[in-house]
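Novice: Take this structure first; my questions come after.
The values are calculated or read from the model by the stated rules, or taken from the named source; none is laboratory data. This is a predicted model, so every value here is computed, not measured. Ideal geometry is used to build each Cβ from the backbone, glycine not excepted, and the neighbour counts take in all protein chains shown.
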Amino acid sequence: MSPAKPWQRRLHLTGMWVNSLGGGAYNIALPLIVLQTSGSLAQMSIVAVASQLPKAFPGVLIGGLADRMSPRTMTHIGYWGQALVVAAMALLIGPWHTPFWVLVLGAFLRGSLDMFARTATFVAIPKMYGGGTAKFNASVSTAWTSASIVGPAIGGALSAVWGPWWLLAVDAVSFTVIALIMNFLPWPDRPSSLPDRPGFIRELSAGYKRLSQLHGWWRFAGTVILIGFLSAPLSTLAIFQTSVGLGGSTTEVGIVGAAAAAGLFCGSILSGLFSSWRPNILMQRSSWLMAGGSSLFFVPSWIAVASALFIVCTGGIAWTVGRTSLIHQQIPSTDLGKTMTAVQFLETVSSPLSLTVATYLMGVSSSMAFASILFAALLSGLLALKSDSILSPQEREPEPRQSETVH
């Protein structure tokens with residue numbers, strides 16, 4: 001297959017931007033619908049868990065499928081499937097009082113189908129963009145962050161006029177748009193199926209075993225868990241500290257919240273400027289940047305909190321781009337899907353643990369909560385030291401040659 005042409009690259013990024021815009025509207029709509037139908041915070045939490053659960057399961061299975069199936073087929077299943085699921089949710093929610101289980105099931109199905117589309121695209125990107133993969137990853141991050149800022153703002157305005165169920169229709173349309181765009185991209189062929197290829201479960205377990213044997217895999221997994229640990233409660237802690245700890249006004253709280261979105265956008269721009277860096281170096285320096293930003297949380301000022309959140313989010317998105325490019329660079333195409341879903345599994349597992357620990361520490365002392373974020377960033381940077389060969393195959397030691405007997 002020939003690499004993607006510039007117009008195809010722009011079209012792909014446009015589709016991702018539109019899809020992220022719809023996702024932002026969906027993220028506003030679903031909690032509002034739960035609040036309007038039940039007013040229960042517990043039910044909001046259940047729906048949020050149902051949305052994230054597919055990253056843990058069936059995500060690990062979907063990663064194995066992505067290494068066996070045609071990426072084009074999987075993306076169509078993912079995007080068209082999500083369009084149908086979200087459209088069905090909009091139709092059911094609009095005219096009738098929808099049972100709560102419909103919202104939970106819809107959130108879980110949308111998340112599972114999203115894993116199909118995202119994982120298949122992740123597997124295909126190195127073949128579609130070749131040497132421009134790192135730059136494309138940075139562009140994807142820029143598109144996603146800009147849409148994540150605009151999407152909720154538009155969603156909040158439209159929900160007041162149309163009602164939140166119409167925002168689900170907007171999300172369904174965004175999936176339809178990107179599904180149509182997928183037809184114009186140069187997808188790689190389906191991986192060849194060898195006659196002696198093992199069954200799905202055996203190949204899946206063998207693939208994850210290969211990952212665990214890669215040089216530096218456990219250090220890499222450690223950085224993934226640590227960054228997931230510090231990222232999950234970040235905005236919540238910053239807003240709580242500004243509002244309760246420092247007695248800030250609603251305007252100051254709003255500025256602190258906006259600092260996170262600005263940091264994400266700035267980080268995606270910076271990762272594009274430094275796309276020529278080795279991915280592990282980008283990850284390492286981003287960790288140091290997050291550690292430096294975390295230290296500002298200890299300054300008793302809402303301006304310092306906003307600055308800290310901006311810097312940490314900037315480093316966080318740059319770290320994510322580096323992580324993605326490192327996987328694309330080091331992992332063979334036969335294991336890309338399994339690797340990405342393994343990473344998402346680690347992030348998903350670390351998030352609830354992080355929220356629990358941060359909530360407890362915040363009740364004891366805000367300094368302890370922010371110290372845990374600083375420690376996680378520092379440790380992530382230390383794990384990335386001397387990691388030029390991270391995620392590379394283990395080098396086998398040469399077998400000793402037996403001396404020949406001289407007659």
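Novice: Which one of these does N280 not meet: (1) surrounded by 22 or more Cβ atoms within 10 Å (Cβ to Cβ); (2) over 27 Å from I331 (Cα atoms); (3) of a type outside the set (G, A, S)?
Specialist: (2)
Novice: If you don't mind, another one. Hey, V349 hits all of (1) in contact with a helix residue (DSSP H, G or I) (Cβ under 8 Å, 6 or more places away or on another chain); (2) at pLDDT 85 or above but one; which does it fall short on?
Specialist: (2)
Novice: Keeping to the range 326-342, report how many residues are within 14 Å of T223 (Cβ to Cβ) and touching a Lys or Arg at 6+ places or on another chain (Cβ under 9 Å).
Specialist: Qualifying residue count for the region: 1.
Novice: For the structure I just gave you, tell me whether A306 is more than 30 Å from P58 (Cα to Cα), in contact with a helix residue (DSSP H, G or I) (Cβ under 9 Å, 6 or more places away or on another chain) and part of a helix (DSSP H, G or I).
Specialist: Answer is yes for this residue.
Novice: Same structure, new question: From (1) at negative phi; (2) at pLDDT 85 or above; (3) more than 19 Å from the chain's Cα centre (by Cα); (4) not basic (K, R), pick out the condition that doesn't hold for S231.
Specialist: (3)
Novice: Here is a further query. Going through the range 228-256 one residue at a time, which ones are of a type in the set (S, T, Y) and within 25 Å of L379 (Cβ to Cβ)?
Specialist: Correct list: S231, S235, T236.
Novice: Output the number of residues of the range 44-84 satisfying the condition of being closer than 25 Å to L180 by Cα and outside any helix (DSSP H, G or I).
Specialist: Qualifying residue count, the range 44-84: 4.
Novice: Restricting to the range 44-83, count the residues that are among the hydroxyl-bearing types (S, T, Y), surrounded by 18 or more Cβ atoms within 10 Å (Cβ to Cβ) and modelled with pLDDT of 90 or more.
Specialist: 2
Per-residue answers, yes or no, for (1) part of a helix (DSSP H, G or I); (2) farther than 22 Å from A232 by Cα; (3) within 21 Å of the chain's Cα centre (by Cα); (4) modelled with pLDDT of 85 or more:
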| site | (1), (2), (3), (4) |
| --- | --- |
| P3 | no, yes, no, no |
| W7 | yes, yes, no, yes |
| T14 | yes, yes, yes, yes |
| L21 | yes, no, yes, yes |
| L30 | yes, no, yes, no |
| G39 | no, yes, no, no |
| V86 | yes, yes, yes, yes |
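Novice: A further question on this structure: Taking V18 as the residue in question, decide whether it is surrounded by fewer than 23 Cβ atoms within 10 Å (Cβ to Cβ), within 25 Å of L346 (Cβ to Cβ), out of contact with any Gly (no Cβ under 9 Å at 6 or more places or on another chain) and of a type outside the set (D, E, K, R).
Specialist: In short, no.
Novice: Quick test of your reading of the structure: K209 fulfils all but one of (1) at pLDDT below 85; (2) closer than 18 Å to S301 by Cβ; (3) in a helix (DSSP H, G or I); (4) not hydroxyl-bearing (S, T, Y). Name the failing condition by number.
Specialist: (2)
Novice: Right, something else. Does the range 328-354 hold any residues that are of a type in the set (V, I, T) and part of a helix (DSSP H, G or I), and which are they?
Specialist: T334, T339, T341, V343, T348, V349
Novice: Regarding the range 186-204, can at least one residue be identified that is assigned to a helix (DSSP H, G or I), surrounded by fewer than 11 Cβ atoms within 10 Å (Cβ to Cβ) and modelled with pLDDT of 80 or more?
Specialist: no
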